[in-house]
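Trainee: Quick one: structure below, then a few questions.
The values are calculated or read from the model by the stated rules, or taken from the named source; none is laboratory data. All values derive from a computational prediction rather than experimental measurement. Cβ placement follows ideal geometry from the backbone for every residue including glycine, while neighbour counts extend to all protein chains displayed. Remember, those area values only see protein heavy atoms, side chains included, never the ligands or the DNA or RNA. Shrake-Rupley method; radii C 1.70, N 1.55, O 1.52, S 1.80 Å.
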There are 2 protein chains.
Amino acid sequence: MHLNYQLLIDALRVPNMFKVPDHQVAGHEARDGKLGPLVDDLGCFYKPLQDDDRGSKELAFYTKFSSMPEITSHIRRFFPTFHGVQTLAASDGSGPRPHLVLQDVVFGRVNPSVVDIKIGSRTWYPQASEDYVNRCLKKDRETTSLLLGFRISGLKIYGGDRSGFWKPEKKVVQSFTLQDVRFVLRKFVSCNLETPDSVTDPDCSFASAVYGGTGGILSQLLELKEWFEDQTMFHFNSCSVLMVYEKESVLRGETSGAEVKLIDFAHVTEGDGVIDHNFLGGLCSLIKFISDIVNDTEKCWN
Amino acid sequence: MHLNYQLLIDALRVPNMFKVPDHQVAGHEARDGKLGPLVDDLGCFYKPLQDDDRGSKELAFYTKFSSMPEITSHIRRFFPTFHGVQTLAASDGSGPRPHLVLQDVVFGRVNPSVVDIKIGSRTWYPQASEDYVNRCLKKDRETTSLLLGFRISGLKIYGGDRSGFWKPEKKVVQSFTLQDVRFVLRKFVSCNLETPDSVTDPDCSFASAVYGGTGGILSQLLELKEWFEDQTMFHFNSCSVLMVYEKESVLRGETSGAEVKLIDFAHVTEGDGVIDHNFLGGLCSLIKFISDIVNDTEKCWN
């Protein structure tokens, strides 16, 4: 009965409601006949369940997390809302496939600037296979993960009408150094980006509006930190922090719409009464980078 | 001239002033003709400079740290005072050897209970040799380091006149599991230890006197944490937190003499503007363990 009902829903949905997300910055992309996530025009994000155990693990996380009364709305808002599983035509043309139905975290935003930051100096976990451990360890050492406790996985920064978005190639992002990360986190909140690839020193003119202040990214990250100092339910291996805002809103004098979301839970493990010190350490490192930018900017303006 | 003066000092010191420390719980020990640290009766701890670069690196750390005006006394008190280098007869009979002269952090204490906790889920660092990295990684995975963000390296707990000290063998300590660590951290502040190796549930009757309260271990660890959230000068790879107190003082109704010290700086590296997220994460995990014990105890008593 459940299956038939599901098929009915699927049949009622018009395929052209689904499209490739405009503002995805990392992960598999549903372009050129590849398998990747889709979005609809109602604010949902459809993430195909992978054939290996990643899909089932992410589904298990969302199912468990959604049903835990001890997670307050205060913390829940940092996670995409979970709407269940739905079978729909996969983006690679391989036919119907179950997808996680999640909140599209950039839905309704106009020209959002987005950065995806994978948190943790270690992206592997004890239970993983030796092969997986070695591959992750190699990547953690080659990128900034080991040194900084996080690495930038992808980004797009809106420069303005003329310059559009700055979205560096995956290979460029993967080779970011400490200096590049510092530069990108400054550029993310800067106004002087009309030549998007310029090496001009970012002016950080939006730092206080986006990173600082009540409700700004820094204060959201600090709330997350407080939770991570205490929660021992989950270890968020290889998860990302997504930071989003809208430059044009700031320019219009409106709120920046700055938002922090956690995404990618395919490798979450049980905490067993121990805090996620790996995520927490990386998060504190990111917080230090952002607060340095806020403090530097305040110094300049005062 | 400097050398002659040094020799004169050495000559003036009577060899029997030096002895093997009574309360060392981890690291190389100066027993059975081996090379290890010595103490004198004036409160100094003499740590032999190793032939490899560990000795020179630890000396470099102490020299730099001692001379930094930005380190306030508030933080400096968590580190052993550094008194320079002195050449004295090595404990292994190999002749004169330079030793770091440090504060003996348990000097003057009667029957101190001591636990040495190596902080960090990762004890290696990027610049180390592949061989060193692999050995550390193996040990981090075999012990609780990877899981908890720290491991107990050694301990001695005073049980009372009759039972004396409980000081488990190195091999026992190295095989501690999550449950053992939780047990030891409770046992460390318990009174019901007359049969020292008993499996009786620790009563944690000293938890509030030793871990809790103003000046207790928890509040000291929280002060350290605050510093680590901000300091980007050093990465304290493979350092230990030493926790010390005197049971008999508590029983007499005096202060517990609870003290936290950082020790072992042979693998400290420069921070280069990045916080030590690896140490901080592990420290936060330890803090959670200790605060759980304090909270559980308070619940029982209220």
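For every residue, the table says whether it meets (1) crowded, with 20+ Cβ neighbours inside 10 Å; (2) in the same structural domain as A:LYS34 (by TED's automatic domain parsing).
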| position | (1), (2) |
| --- | --- |
| A:ASP92 | no, yes |
| A:ARG97 | no, yes |
| A:LEU137 | no, no |
| A:SER145 | yes, no |
| A:LEU148 | yes, no |
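Trainee: All but one of (1) surrounded by fewer than 18 Cβ atoms within 10 Å (Cβ to Cβ); (2) touching a Lys or Arg at 6+ places or on another chain (Cβ under 6 Å) hold for A:PHE107; which doesn't?
Mentor: In the conditions (1) surrounded by fewer than 18 Cβ atoms within 10 Å (Cβ to Cβ); (2) touching a Lys or Arg at 6+ places or on another chain (Cβ under 6 Å), A:PHE107 misses (2) alone.
Trainee: Here's a follow-up. In the stretch B:169-182, which residues are aliphatic (A, V, I, L, M), surrounded by fewer than 16 Cβ atoms within 10 Å (Cβ to Cβ) and more than 14 Å from chain A (Cβ to nearest Cβ)? Please lay out each step first, then the result.
Mentor: Going through the stretch B:169-182, the residues aliphatic (A, V, I, L, M) turn out to be B:172-173, B:178, B:181.
With the extra rule that they be surrounded by fewer than 16 Cβ atoms within 10 Å (Cβ to Cβ), the set shrinks to B:172, B:178.
Hit for the stretch B:169-182 is B:VAL172, nothing else.
Trainee: Could you say whether any residue in the stretch B:124-132 is in contact with a strand residue (DSSP E or B) (Cβ under 9 Å, 6 or more places away or on another chain) and within 21 Å of B:ARG182 (Cα to Cα)?
Mentor: no
Trainee: In the stretch A:119-168, which residues are more than 9 Å from chain B (Cβ to nearest Cβ), among the charged types (D, E, K, R) and either free of Cβ contacts under 8 Å to residues at least 60 places away in the same chain or touching a helix residue (DSSP H, G or I) at 6+ places or on another chain (Cβ under 6 Å) (or both)?
Mentor: Residues satisfying the conditions are A:GLU130, A:ASP131, A:ARG135, A:LYS138, A:LYS139, A:ASP140, A:GLU142, A:ARG151, A:ASP161, A:ARG162.
Trainee: Picking from B:LEU155, B:LEU88, which residue would you name as being at pLDDT below 95 and buried (at least 19 other Cβ atoms within 10 Å of the Cβ)?
Mentor: Just a single option satisfies the conditions, and that option is B:LEU88.
Trainee: Filter the stretch B:282-302 for residues that are without any contact (Cβ under 8 Å) to a residue 40 or more places away in the chain and touching a helix residue (DSSP H, G or I) at 6+ places or on another chain (Cβ under 9 Å) and give the result.
Mentor: B:LYS288, B:ASP292
Trainee: Would you pick out the residues in the stretch A:85-118 that are within 14 Å of chain B (Cβ to nearest Cβ) and among the charged types (D, E, K, R)? Please lay out each step first, then the result.
Mentor: Narrowing the stretch A:85-118 to residues within 14 Å of chain B (Cβ to nearest Cβ): A:117-118.
A:LYS118 - this is the single residue of the stretch A:85-118 that is within 14 Å of chain B (Cβ to nearest Cβ) and among the charged types (D, E, K, R).
Trainee: I'm trying to understand the selection: among the residues of the stretch B:195-211, which are within 16 Å of B:GLU246 (Cα to Cα), modelled with pLDDT under 95 and assigned to a loop (DSSP other than H, G, I, E, B)?
Mentor: B:CYS204, B:SER205, B:PHE206
Trainee: To continue, here is another question. Which condition does B:GLY213 not pass, out of (1) on the phi < 0 side of the Ramachandran plot; (2) open to solvent by 10 Å² or more (accessible area, probe 1.4 Å), if it passes all the others?
Mentor: Looking at each condition in turn, B:GLY213 falls short on (1).
Trainee: Can you find a residue that is buried (at least 24 other Cβ atoms within 10 Å of the Cβ) and either without any contact (Cβ under 8 Å) to a residue 12 or more places away in the chain or out of contact with any Phe, Trp or Tyr (no Cβ under 8 Å at 6 or more places or on another chain) (or both) anywhere in the stretch A:194-208?
Mentor: So far as the stretch A:194-208 goes, yes, one or more of its residues are buried (at least 24 other Cβ atoms within 10 Å of the Cβ) and either without any contact (Cβ under 8 Å) to a residue 12 or more places away in the chain or out of contact with any Phe, Trp or Tyr (no Cβ under 8 Å at 6 or more places or on another chain) (or both).
Trainee: So if I check each of B:GLU130, B:GLU58, B:GLU70, which one is closer than 30 Å to A:ARG122 by Cβ and either surrounded by fewer than 15 Cβ atoms within 10 Å (Cβ to Cβ) or small (Gly, Ala, Ser) (or both)? Quick ask: steps written out before the conclusion?
Mentor: On the way: B:GLU58 fails: either surrounded by fewer than 15 Cβ atoms within 10 Å (Cβ to Cβ) or small (Gly, Ala, Ser) (or both); B:GLU70 fails: closer than 30 Å to A:ARG122 by Cβ.
So the residue among B:GLU130, B:GLU58, B:GLU70 that is closer than 30 Å to A:ARG122 by Cβ and either surrounded by fewer than 15 Cβ atoms within 10 Å (Cβ to Cβ) or small (Gly, Ala, Ser) (or both) is B:GLU130.
One line per residue, one yes/no per condition, for (1) over 18 Å from A:PHE234 (Cβ atoms); (2) at pLDDT 95 or above:
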| residue | (1), (2) |
| --- | --- |
| A:LYS34 | yes, no |
| A:GLY43 | yes, no |
| A:ASP52 | yes, no |
| A:GLY55 | no, no |
| A:TYR62 | no, yes |
| A:PHE65 | no, yes |
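Trainee: Which one is farthest from the chain's Cα centre (by Cα) among residues in the stretch A:242-275 that are aliphatic (A, V, I, L, M) and within 14 Å of chain B (Cβ to nearest Cβ)? Lay out the reasoning, then the answer.
Mentor: Going through the stretch A:242-275, the residues aliphatic (A, V, I, L, M) turn out to be A:242-244, A:250-251, A:258, A:260, A:262-263, A:266, A:268, A:274-275.
This time we only want the ones that are within 14 Å of chain B (Cβ to nearest Cβ), so: A:274-275.
Values: A:VAL274: 24, A:ILE275: 21 Å.
Among residues in the stretch A:242-275 that are aliphatic (A, V, I, L, M) and within 14 Å of chain B (Cβ to nearest Cβ), the one farthest from the chain's Cα centre (by Cα) is A:VAL274.
Trainee: Something else: Quick check: is even one residue across the stretch B:75-86 in a helix (DSSP H, G or I) and farther than 30 Å from A:GLY271 by Cβ?
Mentor: There is at least one residue in the stretch B:75-86 that is in a helix (DSSP H, G or I) and farther than 30 Å from A:GLY271 by Cβ.
Trainee: Among the strands (runs of 3 or more DSSP E) lying completely within the stretch B:219-302, list those that include at least 2 residues that are among the aromatic types (Phe, Trp, Tyr) and closer than 17 Å to B:ARG77 by Cβ.
Mentor: Details: elements: B:234-236, B:240-246, B:259-263, B:268-270.
It comes to B:234-236.
Trainee: Select from the stretch A:87-96 the residues that are touching a residue at least 60 places away in the same chain (Cβ under 8 Å) and either in a strand (DSSP E or B) or polar (S, T, N, Q) (or both) and list them in ascending order. Even if it seems obvious, please write down each step before you answer.
Mentor: Taking the stretch A:87-96 first, the residues touching a residue at least 60 places away in the same chain (Cβ under 8 Å) are A:87-89, A:91-93, A:96.
Correct list: A:THR87, A:LEU88, A:ALA89, A:SER91, A:PRO96.
Trainee: Let me ask something else. Quick check on the stretch B:110-127: of everything there that is touching a Cys at 6+ places or on another chain (Cβ under 7 Å) and crowded, with 23+ Cβ neighbours inside 10 Å, which residue is nearest to A:PRO126 (Cα to Cα)?
Mentor: Start the filter on the stretch B:110-127 by keeping residues that are touching a Cys at 6+ places or on another chain (Cβ under 7 Å), which leaves B:119, B:123-124.
With the extra rule that they be crowded, with 23+ Cβ neighbours inside 10 Å, the set shrinks to B:119, B:123.
Numbers: B:ILE119: 18, B:THR123: 16 Å.
Once the filter is applied, the top-ranked residue is B:THR123.
Trainee: Moving to a separate point now. Can you give me the number of residues within the stretch A:104-123 that are more than 25 Å from B:GLY149 (Cβ to Cβ) and out of contact with any strand residue (DSSP E or B) (no Cβ under 7 Å at 6 or more places or on another chain)?
Mentor: 2
Trainee: So, one more: Sort out which residues of the stretch B:276-286 are more than 8 Å from every other protein chain (Cβ to nearest Cβ) and either at pLDDT below 95 or out of contact with any strand residue (DSSP E or B) (no Cβ under 8 Å at 6 or more places or on another chain) (or both), and write them in order of number.
Mentor: Of everything in the stretch B:276-286, nothing turns out to be more than 8 Å from every other protein chain (Cβ to nearest Cβ) and either at pLDDT below 95 or out of contact with any strand residue (DSSP E or B) (no Cβ under 8 Å at 6 or more places or on another chain) (or both).
Trainee: Residue check: is A:PHE188 crowded, with 16+ Cβ neighbours inside 10 Å, closer than 16 Å to A:LEU251 by Cβ, at pLDDT 90 or above and not polar (S, T, N, Q)?
Mentor: It is true that A:PHE188 is crowded, with 16+ Cβ neighbours inside 10 Å, closer than 16 Å to A:LEU251 by Cβ, at pLDDT 90 or above and not polar (S, T, N, Q).
Trainee: For the stretch B:247-263, give me each residue that is at pLDDT below 95 and crowded, with 23+ Cβ neighbours inside 10 Å. Let's see the steps before the verdict.
Mentor: Our first condition is that a residue be at pLDDT below 95; within the stretch B:247-263, this holds for B:247-257.
Of everything in the stretch B:247-263, those that are at pLDDT below 95 and crowded, with 23+ Cβ neighbours inside 10 Å turn out to be B:LYS247, B:SER256.
Trainee: May I ask you to list pairs of residues, at least six apart or on different chains, whose Cβ atoms are under 6 Å apart, with the first in the stretch A:266-281 being open to solvent by 10 Å² or more (accessible area, probe 1.4 Å) and the second being in a strand (DSSP E or B)?
Mentor: A:VAL268/A:PHE234; A:VAL268/A:PHE236; A:THR269/A:HIS235
Trainee: Let me ask something else. For the list (1) in a loop (DSSP other than H, G, I, E, B); (2) polar (S, T, N, Q); (3) modelled with pLDDT of 95 or more, I need the number of the one condition that A:THR214 fails.
Mentor: All conditions are met except number (3).
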